[in-house]
Every structure is written in structure tokens, then in C-alpha cells.
Amino acid sequence: MLTQTAIRNVSQRQPATQPHHGPVPIAATQTGTIELMGACMSFAANAEIYGENEPAGYLYKVVSGTVRTYKVLVDGRRQIGAFHLPGDIFGFESGEAHTFSAEAITDCKIIVIKRSAVMALAARDTDVARQMWELTARELQRVQEHSLVLIKSAEERVAGFLLEMADRVPSGGAVELPMSRQDIADYLGLTIETVSRTLKHLEDAAAIEVPKRRRILLRNRSALHRLNA
């Protein structure tokens, strides 16, 4: 669990402008005013970043790796709300506590930014206020689009997910998935068996090819777009 004390200690030890050790993705170097207010922290795969109902005192920007936000329902099922990739900022809340938990899917480097400092700066800096508005609007759009998943068929959900990942991490005709099949199932509201069966059906229909479990080639984007329409 990432405690507030741990964040404060890192913030005191490591100024936001201190260089990272080792290579940093080019996108991560193109920081704006908000990111420069934070400190970079490392999280191992499956480490908790924050928990549900914990104080929402910080915002988080992914420098490298992938993060999932999720909620465990009363019957024990897990619902994943979002996957956050390099460049994404997460941790936005309308209240004072987190409504979801956040975990690192892979080893991650994350910039941790104090929420109150960002809001104070936004109150006097129109550029920062605009950045916050744009980030909030994108998050709202993502939530609205994800809410439509529940009325779609399994094929429509999986096709839409593959297209979403292809758009967010462009790599030609391939999609490299950092998350497991179980993560995908919990994100789409399906069982892992249904996800695997649907991928096999799409592969048989020549819409995709699955050379490796987490590498998927998009062979017929038009067919996937028709399913996702």
C-alpha cells in the first residue's frame, strides 16, 4: 500500500526536476507544468498504488508501465474501470476519497503530484486550469464510452477493446497487451473463457491473428470497426 507518509518522504528526497536513472521514454520528457510539480516513484508489478476509500490527496502520471483501476464488488467479483498507459494521468475524484483502487500491472514509474498544489496553481494560472479541464473532459469521455460496453455483445466488446488499445499504443498492425486475459475480462464484464473463445472466433474469421498470448495482429480492421459500430 502506498501511504501518504511514503509519498511525502519521496517528494522531500527527490525533486521533480531530478533526472531519472536509466532511459526514460521520449513522451515522458515532454512534461507540462503539472508534471513538474511531482516526484517520480517506482512500483513493482501488482503493487498497490492506492486503495479504495483512501484519501485522494494526489494525482498520478504514468511514465512507464501500465496501471489498472478497479473495484471489488460485494460478491467478490472484480470490475476494472480503466487501464492507464504511459502519458495518462489518473486519480481524479469528485470527492475527498478514491472510489476505486489502483495497482501496477507491470513494473511502473509514476509521477506523484499533490492534488491541493495543482488546484491552487490552477486557480491563478489559466494554462494549468486549461490542462486540468482537458484532462477531466477526457476522463469523462472515457467513462461514458466504457459505460456503453454493457449493452454490447461479447464480439463487439472484444473488437472495441482491441481497437482502443491499437489507437492508444500505435505499433503498426500489432497490439501488445500488457494486461492478462483475466484483466481484459474484468474490464469488459465478461468471463475469461468468453474472452478466449471470442478471440479464437475472431482469429478463425481472419479478423485478427494471435501469434503470442499477449500479441495480437489486426488483420481486418474494417471488420473490427463494423463490429464496434
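The values are calculated or read from the model by the stated rules, or taken from the named source; none is laboratory data. Every value quoted in this text rests on a predicted model; they were computed, and no experiment measured them. FYI the Cβ positions are ideal-geometry reconstructions off the backbone, even for glycines, and counts take in every protein chain you see. Remember, those area values only see protein heavy atoms, side chains included, never the ligands or the DNA or RNA. Shrake-Rupley method; radii C 1.70, N 1.55, O 1.52, S 1.80 Å.
Within region 201-229, the set of residues being among the hydrophobic types (A, V, I, L, M, F, W, C), within 18 Å of D167 (Cα to Cα) and touching a residue at least 12 places away in the same chain (Cβ under 8 Å) comprises A207, I208, I216, L217, L218, A223, L224, L227. Scoring R215 on the criteria (1) at pLDDT below 95; (2) charged (D, E, K, R); (3) out of contact with any strand residue (DSSP E or B) (no Cβ under 9 Å at 6 or more places or on another chain); (4) over 22 Å from L148 (Cβ atoms) leaves a single failure, condition (3). Within region 168-187, residues that are within 18 Å of P211 (Cα to Cα) reach partners that are part of a loop (DSSP other than H, G, I, E, B) with beta carbons closer than 7 Å, at six or more positions or on different chains, in the pairs E176/V169; E176/R214; L177/R214; P178/T66; P178/I105; P178/T106; M179/T66; M179/I105. The residue of region 195-208 that is nearest to T69 (Cα to Cα), among those that are out of contact with any strand residue (DSSP E or B) (no Cβ under 6 Å at 6 or more places or on another chain) and open to solvent by 30 Å² or more (accessible area, probe 1.4 Å), is S196.
Of all the residues in region 134-168, those that are within 13 Å of A82 (Cβ to Cβ), in contact with a helix residue (DSSP H, G or I) (Cβ under 8 Å, 6 or more places away or on another chain) and aliphatic (A, V, I, L, M) number 1. Scanning region 155-177 for residues that are surrounded by 18 or more Cβ atoms within 10 Å (Cβ to Cβ) and either within 18 Å of A104 (Cβ to Cβ) or aliphatic (A, V, I, L, M) (or both) yields V158, A159, L162, M165, A166, V175, L177.
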